[in-house]
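Working notes, beginning with the structure itself.
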Amino acid sequence: MELSRYGTLTGGARRELLAVYADVRAPLLHLPNYRVAAFAERLDGYAAGPGFGLVLGRAEGSGVVGYAYGTTVAAGDRYWARMAEPLPAGFTDAPVLALREIGVRAAWRGSGTARRIHDALVAGRAEGRAVLMVNPLAGEGKVLRVYESWGYEAFNSQAATADSPRLLVMVRPAR
């Protein structure tokens, strides 16, 4: 698999990402928060923000089979305001990489593709930690177990909203 890294969202990468997203999330596209237009709006906002990074995984003969993107979250960012529990003193003193989205086409799941794409996104970043939010019930808990196997540990949660279920917030060293 070829891994392509982007520090800015090019038109071509955006088109490829939207196409693979629509395939990866096909069963959920009827939900407002998962519609391609809603995803594209979030993506464009993150791409304009600090520390944007994107990795697309391409397989010969299959095109883009997966993706991951993230941004830098600094102290005072609204990301931290959404936590259900108070954060430990000093927790937000250093910027972190927030993994905003990761997805892999169904035929490539369970092959290590997601891990390779994730690791390529995290590699070489200046941030010392990576954080993500996950629905602990996704895939009957399988997604949570995958993140745990990658070294992420639960440390907080985000309350449910009209557009999102309760999310578990996880952290791990970036290096």
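The values are calculated or read from the model by the stated rules, or taken from the named source; none is laboratory data. If you're wondering where the values come from, they're calculated on a predicted model, not measured in any experiment. Don't worry about glycine lacking a Cβ; one is built from the backbone with ideal geometry, like all the others, and counts go over all protein chains shown.
Would you mind telling me which numbered condition in (1) buried (at least 20 other Cβ atoms within 10 Å of the Cβ); (2) in a helix (DSSP H, G or I); (3) in contact with a strand residue (DSSP E or B) (Cβ under 6 Å, 6 or more places away or on another chain) residue 79 fails?
For residue 79, the failing item is (1).
Is it true that some residue in segment 108-121 is within 17 Å of residue 54 (Cβ to Cβ) and not in a helix (DSSP H, G or I)?
The answer is no, given that none of the residues of segment 108-121 is within 17 Å of residue 54 (Cβ to Cβ) and not in a helix (DSSP H, G or I).
Looking at segment 63-85, I want the residues that are closer than 22 Å to residue 165 by Cα and have a partner that is of a type in the set (Lys, Arg) with Cβ atoms under 6 Å, at least 6 apart or on another chain. Which pairs are those?
Here the result reads 69/100; 70/100, each pair linking segment 63-85 to a residue that is of a type in the set (Lys, Arg).
What about residue 21, is it closer than 26 Å to residue 61 by Cα and hydroxyl-bearing (Ser, Thr, Tyr)?
yes
Here is a yes/no grid of residues against (1) charged (D, E, K, R); (2) surrounded by 13 or more Cβ atoms within 10 Å (Cβ to Cβ); (3) touching a strand residue (DSSP E or B) at 6+ places or on another chain (Cβ under 8 Å); (4) assigned to a helix (DSSP H, G or I):
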{"residue": "14", "(1), (2), (3), (4)": "yes, yes, no, yes"}
{"residue": "18", "(1), (2), (3), (4)": "no, yes, no, yes"}
{"residue": "43", "(1), (2), (3), (4)": "no, yes, yes, yes"}
{"residue": "50", "(1), (2), (3), (4)": "no, no, yes, no"}
{"residue": "64", "(1), (2), (3), (4)": "no, yes, yes, no"}
{"residue": "70", "(1), (2), (3), (4)": "no, yes, yes, no"}
{"residue": "85", "(1), (2), (3), (4)": "yes, no, yes, no"}
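Sort out which residues of segment 157-175 are part of a loop (DSSP other than H, G, I, E, B) and either touching a Lys or Arg at 6+ places or on another chain (Cβ under 7 Å) or of a type in the set (Ser, Thr, Tyr) (or both), and write them in order of number.
159, 160, 161, 164, 174, listed by residue number.
Quick test for you: out of 126, 138, 75, pick the one residue that is over 27 Å from residue 4 (Cβ atoms) and either in contact with a helix residue (DSSP H, G or I) (Cβ under 7 Å, 6 or more places away or on another chain) or among the hydrophobic types (A, V, I, L, M, F, W, C) (or both).
Only one candidate qualifies: 75.
In segment 121-175, which residue that is basic (Lys, Arg) and touching a Pro at 6+ places or on another chain (Cβ under 8 Å) is modelled with the lowest pLDDT?
166
Among the residues of segment 107-120, is any touching a residue at least 40 places away in the same chain (Cβ under 8 Å) and among the acidic types (Asp, Glu)?
no
In segment 88-104, which residue that is of a type in the set (Gly, Ala, Ser) and at pLDDT below 95 is nearest to the chain's Cα centre (by Cα)?
Within segment 88-104, the match that is nearest to the chain's Cα centre (by Cα) is 94.
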